[in-house]
Amino acid sequence: MERSFGTILVTGGAGFIGSNFIHYLFKPDTGFTGRIVNLDKLTYAGNLENLTTIDKKFGGKRYFFEYADICDRVKVDEILKKYSIDAIAHFAAESHVDRSIHGPEDFIRTNIMGTFTLLEAARGFWKDRKDVLFHHVSTDEVYGSLGDSGFFNEDTPYDPRSPYSASKAGSDHLVKAYWHTYGLPTTITNCSNNYGPYQFPEKLIPLMISNMRIGEALPIYGDGKNIRDWLYVEDHNSAVWLVMKQGGLGETYNVGGENEWENIKLLEKLIDIVASITHIPVEKICSTISYVKDRPGHDRRYAIDCSKLKQELGWRQSVNFEEGLKKTVKWYIFNEEWVKRVQSGKYRDWMEKNYTKR
């Protein structure tokens, strides 16, 4: 039986994946006709400019923004009651591995304590209701590192290697515990590396596109042969929505692109696409590639087995890598002002000028 929801609380809805999820849900073909409440603390990676079109069309009717910290229990309680929330899509997280190495405290607070606060608030508000759902969005990094072969599946033992992945592993375990201990209706998805529009340009693909445009160095860790499985963000969000509607309660589903690339091969592919669009010579871009010291605990390879999601729920990727990369490159090139504002921090000035918190 398919679940339906009246009002979904999306945590981290001003971030990369969260804002794309909100855009996705408001597409007519998703079948969602309810309301969305976007709860976001608006850290450096949260940008309400990502949702300008949504706010103009649905603001105050089917879309609402709440400026809040997921660790603030009083505020979370207030929001759950104010909007009669019956589902939570929990995207909010500190997510950059390098930042977690240099400053792990924020990751422990947001990813573990924030998830705990949301779970407790949901348990308190929903009581014993079974027509509700807490969906937790997580990462394949909780599984650690793979060798040259094999894939992560839902039964792979957790083996996190960075403060970021350890904090996400901790939050996953909390969600599972609330299902087993309290019967709180939960589902979890663990995804591979996402790419697409609105991603803060500290991550590999948007960083490289941006640096190519302005002629800055293209830094590659180690020998460049670390392998990642790349997933277009809209395909990820279609999986999240499918699991929210049809996934088994208490179940975890891995979401992957089935699309492995060495970092250096991915960079070469990006260079070709950027060069073809901007007419910057390939040789000029290639001359800026710079190999830098590998980061501590750098996982060698990730690869997702998403056969459970495909077989049980019928999910499929819809965007191949070539198409997805071209879409992504074009978005960053044609939204150069957004990139400049984000990189300079001036997007906060934009929000003050253009957005009134409701």
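The values are calculated or read from the model by the stated rules, or taken from the named source; none is laboratory data. On a predicted model such as this, the values are computed, not experimentally measured, just so you know. As a convention, Cβ positions derive from the backbone with ideal geometry for all residues, glycine included, and neighbour counts pool all protein chains shown.
May I ask you to list the residues in the stretch 69-102 that are modelled with pLDDT of 95 or more and part of a helix (DSSP H, G or I)?
Matches in the stretch 69-102: R73, V74, K75, V76, D77, E78, I79, L80, K81, K82, Y83.
Give the residue, chosen from E49, E66, E2, that is on the phi < 0 side of the Ramachandran plot and either touching an Asp or Glu at 6+ places or on another chain (Cβ under 9 Å) or assigned to a strand (DSSP E or B) (or both).
E66
Go through the stretch 287-325 and give me each residue that's surrounded by 14 or more Cβ atoms within 10 Å (Cβ to Cβ) and farther than 28 Å from S162 by Cα.
Within the stretch 287-325, T288, K310, E312, L313, W315, Q317, V319, G324 meet the criteria.
Please name all residue pairs, on different chains or six or more residues apart, with Cβ atoms under 7 Å, provided the first residue is in the stretch 332-346 and is assigned to a helix (DSSP H, G or I) and the second residue is aliphatic (A, V, I, L, M).
Taking only residues 6 or more apart or on different chains, the pairs are Y332/I209; Y332/V339; I333/I277.
Among the residues of the stretch 320-358, write down those that are of a type in the set (A, V, I, L, M) and at pLDDT below 95.
Correct list: I333, V339, V342, M351.
Could you list, in sequence order, the residues of the stretch 123-137 that are crowded, with 22+ Cβ neighbours inside 10 Å and out of contact with any His (no Cβ under 9 Å at 6 or more places or on another chain)?
Correct list: L133 only.
Does any residue in the stretch 278-290 that is of a type in the set (G, A, S) come within less than 6 Å, Cβ to Cβ, of a residue that is modelled with pLDDT under 95 six or more places away or on a different chain, and which pairs are these?
Hits for this filter: S290/A217; S290/P219.
Would it be correct to say that I36 is in a strand (DSSP E or B), within 25 Å of W315 (Cβ to Cβ), modelled with pLDDT of 95 or more and β-branched (V, I, T)?
yes
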